[in-house]
2 protein chains.
Amino acid sequence: MVQYIAPLDLSFAALSDPTRRGVLEQLGRSDASITDLAERFHMTLTGMKKHVSVLEAAGLVVTKKVGRVRTCRLGRRKMAEEAAWIEQYQQLWTARFEALDEIVEELKQRELNNEPDPK
Amino acid sequence: MVQYIAPLDLSFAALSDPTRRGVLEQLGRSDASITDLAERFHMTLTGMKKHVSVLEAAGLVVTKKVGRVRTCRLGRRKMAEEAAWIEQYQQLWTARFEALDEIVEELKQRELNNEPDPK
DNA sequence: TATATACTGAACTAAATGGTTCAGTATATA
DNA sequence: TATATACTGAACCATTTAGTTCAGTATATA
């Protein structure tokens, strides 16, 4: 089976790590080098480089090396797909729980009328 | 270091797998047993049980066993935190790119006025 | 030119993931 | 009571992840 990796797989996986969420927030305030980020998150350069690579693979970060410094910036992806997926889920969720609420409401009414619970 | 696992870690990790996203969508339409889900996603019972456990740990699904059947339903979490995180990120993102746009705009103006590029 | 800085790649590690099979247990059904 | 169904747990497996160290390379700086 040729495994097509959905962008959602990569971005949600990228977001599942607190260090990477922190890096995104940081880059939202200002661009940063690998060294900057490694220091801020108490990690080796190599370790931070890997996190940045994961974010880059997900399209959330872009980097450019000038001289010896690699500068990291936010990528072009505004996470629109991710937001859309969650919003669609929330619609399903709401519909589902409204359906449940109706049932609960019906049971309450039966109880008030002293009708038997229909097993 | 006592590792506090943020709810976002668990839910984003849960969402990073297409099978689990599919299960959530399915449960948005109707409750289902482990067997139902295993069949729909072409997987062993044991395999599906693990996915459901991951979703349950993230609070996205609840299950209840009646007789021999374990029924899975959507959990109470509407992924509000997840949506909020992404929305906050999108605000940062927009601000960041508007800042960049201003710089580009300024450069354009200079070009029009034939001013030198200030190094 | 010598030294310090910034990164990179390979190799290693421990743990987690996503699946499987196999051998149960508990519950329904004929 | 015998059989089929639904799940469960343990064990295994290959791969990925999240980090490390170590040994480089390339670039600045004194």
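The values are calculated or read from the model by the stated rules, or taken from the named source; none is laboratory data. Small disclaimer: the values here were computed from a predicted structure and weren't measured. Ideal geometry is used to build each Cβ from the backbone, glycine not excepted, and the neighbour counts take in all protein chains shown. With ligands, DNA and RNA removed, areas are computed over all heavy atoms of the protein, side chains included. Shrake-Rupley method; radii C 1.70, N 1.55, O 1.52, S 1.80 Å.
Please work out which residue is farthest from residue B:62 (Cα to Cα), limiting yourself to the range B:2-33 and to residues that are among the polar types (S, T, N, Q) and at pLDDT 95 or above.
Ranking the candidates gives B:16 first.
Enumerate the helices (runs of 4 or more DSSP H) found wholly within the range A:1-78, keeping only those where 1 or more residues are over 21 Å from residue B:14 (Cα atoms) and over 22 Å from the mean Cα position of the chain (by Cα).
Helices (runs of 4 or more DSSP H) meeting the threshold: A:34-40, A:45-57.
Pairs needed: first member in the range A:76-91, more than 7 Å from chain B (Cβ to nearest Cβ); second member anywhere, not aliphatic (A, V, I, L, M); C-beta distance under 6 Å; at least 6 residues apart or different chains.
So the pair list comes out as A:77/A:59.
Residue check, residue A:61 against (1) open to solvent by less than 40 Å² (accessible area, probe 1.4 Å); (2) facing another protein chain (nearest Cβ under 8 Å), all met but one. Which one?
Of everything listed in (1) open to solvent by less than 40 Å² (accessible area, probe 1.4 Å); (2) facing another protein chain (nearest Cβ under 8 Å), residue A:61 misses just condition (2).
Looking at the range A:26-49 only, could you name the residues that are polar (S, T, N, Q) and crowded, with 16+ Cβ neighbours inside 10 Å?
Matches in the range A:26-49: A:26, A:33.
State yes or no: is residue A:23 surrounded by 19 or more Cβ atoms within 10 Å (Cβ to Cβ) and either within 8 Å of DNA strand D (Cβ to nearest atom) or in contact (Cβ under 8 Å) with a residue 40 or more places away in the chain (or both)?
Here the answer is yes, as residue A:23 does meet what is asked.
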